[in-house]
Amino acid sequence: MAAQTPSLNTKAFHSMRDWIAYLEQTKRLVRAKKGVPLKYTLAAIAKQLDGDKAVLFPNPDHHPISVVSGIVSKRDWIAEAMGVSNNILLEHFREAVLNPIPWKEIKKAPAQEIVIRKNIDINSILPIPTHNEHDSGAYITAGLVIARNPQSGEQNVSINRLQINGPDTLGILILPRDLNKFFEIAEHRDQSLPVSISIGSDPMSLLASQAILPLNADELGVAGGLLKNPLNVVKCVTNDVRVPASSEIIIEGRLLPHVRESEGPFGEFPQYYGPAGKRQVIKIDTITHRENPIYHTIVPAAMEHLLLGAIPREASILTALQRQFSNVIDVHLSRGGVCRYHLAVKVKKQLEGEQKNIIFGAFASHADVKLVTIVDEDVDVHDPTAVEWAVATRFQASSDTTIVAGALGSKLDPSGKDGLVDKMGLDATKPIESEPLRYTVVSIPGEEDETLIEQWVD
């Protein structure tokens with residue numbers, strides 16, 4: 001097993017470039033040669049280094065702006081970017097959700113050092129990669145889409161896939177959540193919806209964007225909670241949206257009412273293609289950026305993509321379950337379940353039958369969850385081998401399986417139909433009462449003593 005890089009950081013990072021510099025300092029970032037092709041090659045290199053090294057691409061395809069990828073592709077890196085240890089990662093995120101800190105507006109920001117308002121050609125301004133073989137073209141994948149509720153003025157932040165439709169237009173996939181509600185209000189009024197897209201955001205804003213919050217709760221407040229300080233924001237040049245001031249690049253535009261254009265296919269987190277369809281369009285008004293900005297791209301279905309979605313969902317699911325079941329200890333969305341569909345739940349078993357209730361509670365906590373495995377407190381839910389071992393030795397299909405047919409799931413699950421899927425729960429816990437030694441895990445006295453090797457092995 002490779003040695004883990006020790007955590008040196010104790011404070012959250014306020015900008016992406018500071019985090020990149022730290023990764024390079026701690027030998028977790030590599031620099032590619034100049035000129036890497038933006039079509040496929042850049043994403044292929046980033047994918048090969050996925051979960052091992054972040055990678056910076058200077059002058060890809062001879063473009064003056066550099067590209068970075070993989071900057072939060074390990075769970076312990078995300079914890080380190082927060083300034084906390086891995087074992088309290090979820091607790092820290094939950095605390096930030098419960099106690100957000102409102103942002104602080106400043107007048108000048110690095111994100112607005114350069115302002116481009118005329119003759120916008122996004123492909124010449126920004127180095128936008130094409131990731132997967134059958135993608136419909138180049139996509140912005142790490143942009144925080146920020147919009148304001150036309151009625152209340154409250155903001156919402158999300159990460160949406162953004163297809164390059166033309167020199168100054170983007171296609172966008174909008175799921176039926178807050179941004180969609182804001183747009184419906186504007187479209188009903190025959191108005192466009194001002195939006196801004198932050199690229200190269202600080203790690204806390206990236207993570208906060210995926211928080212599961214009530215309508216009109218601003219995710220940038222969660223970013224402040226993670227930072228333990230108000231997030232600095234700046235008003236956009238052409239609209240009233242506030243964006244993280246430390247961003248590398250800001251795209252300002254409008255979601256156009258009653259306009260739909262073809263978008264997709266695009267490789268999504270389940271490692272399959274999301275289909276093409278007629279979808280909303282953003283008209284770009286202005287692009288601002290730092291001097292010498294760094295463009296961030298997230299490779300679809302790589303660990304950076306999966307973890308940014310998994311950690312906020314785990315925190316939300318854990319909170320929901322613990323409200324109902326005080327004996328729930330921990331949860332984990334597994335890599336094999338694309339960090340969305342397969343959930344392991346650790347419990348301190350108290351009553352027979354309660355595991356079925358917890359299974360239904362897990363299904364209710366997030367629609368994407370498709371398989372729930374309940375394990376005892378001696379099983380590490382973050383270790384897929386340990387979870388599988390519990391299923392192998394503590395589970396019988398005829399008595400310990402719960403199946404729910406035709407429930408709402410992820411619309412990106414290719415095995416479902418119109419978002420309807422079958423869900424399954426596995427109770428892989430030991431019976432409360434059993435004969436002696438039946439479920440006693442074998443152990444060898446001294447097996448944890450690391451000095452034995454030094455003492456007895458040449």
Neighbour-count ranking [beta-carbon atoms within 10 angstrom, fewest first] of His131, His342: His342, His131
Here the FRET efficiency for Gln324 versus Asn99, based on Cβ atoms and R0 = 25 Å and rounded to 0.05, is 0.70
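Over all pairs of distinct alpha carbons, what does the Kirkwood formula give as the hydrodynamic radius of the range 154-226, in Å? Don't skip to the end; give the middle numbers.
Values: mean 1/r = 0.0742 Å⁻¹.
Taking the inverse mean of 1/r over all distinct Cα pairs, the range 154-226 comes out at 13.5 Å.
Ordered by packing density, taken as the mean number of other Cβ atoms within 10 Å over each peptide's residues, highest first, how do 387-395, 26-34 rank? Before the final figure, lay out each step's value.
Values: 387-395: 16.7, 26-34: 14.4.
Top of the packing list down: 387-395, 26-34.
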How much FRET efficiency would the formula 1/(1 + (r/R0)^6) give for Ala405 and Lys39, where r is the Cβ-Cβ distance and R0 is 60 Å, rounded to 0.05? 0.90
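Listed here are the pairs Lys47/Lys278; Lys11/Lys346; Lys27/Lys47; Lys104/Lys235; Lys348/Lys430; Lys356/Lys430; which of them are more than 20 Å apart at the Cα?
Details: Lys47/Lys278 29 Å; Lys11/Lys346 30 Å; Lys27/Lys47 18 Å; Lys104/Lys235 11 Å; Lys348/Lys430 11 Å; Lys356/Lys430 14 Å.
Over 20 Å apart, Cα to Cα: Lys47/Lys278; Lys11/Lys346.
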For the residues Arg17, Arg242, Arg189, what sequence is obtained by ranking on other C-beta atoms within 10 Å, fewest first? Arg189, Arg17, Arg242
In whole Hz, what ³J(HN,Hα) sequence does the range 405-419 give by Karplus (6.51, -1.76, 1.60; θ = phi - 60°), x for Gly and Pro? 8, x, 8, 6, x, 7, 6, 8, 6, x, 7, x, 10, 6, x
Label-to-label distance, nm, for residues given as Gln350 and Val115 (7 Å Cα→Cβ offset): 6.0
Any idea how far apart Glu435 and Ser152 come out in nm if each label point goes 7 Å out from Cα toward Cβ? 6.1
At a 10 Å Cβ-Cβ cut-off, how would you order Met303, Met82, Met204, Met424, fewest neighbours first? Met424, Met303, Met82, Met204
Calculate the spin-label point distance for Lys11 paired with Leu420, positioning each point 7 Å from the Cα along the beta-carbon direction, and give it in nanometres. 5.5
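Any read-out appearing in this document is the output of simple, stated calculations on the displayed coordinates, not a laboratory observation. Bear in mind that the values here come from a model prediction, so they are computed numbers and not experimental data. In this analysis, Cβ positions are derived from the backbone assuming ideal geometry, glycine residues included, and neighbour counts consider all displayed protein chains.
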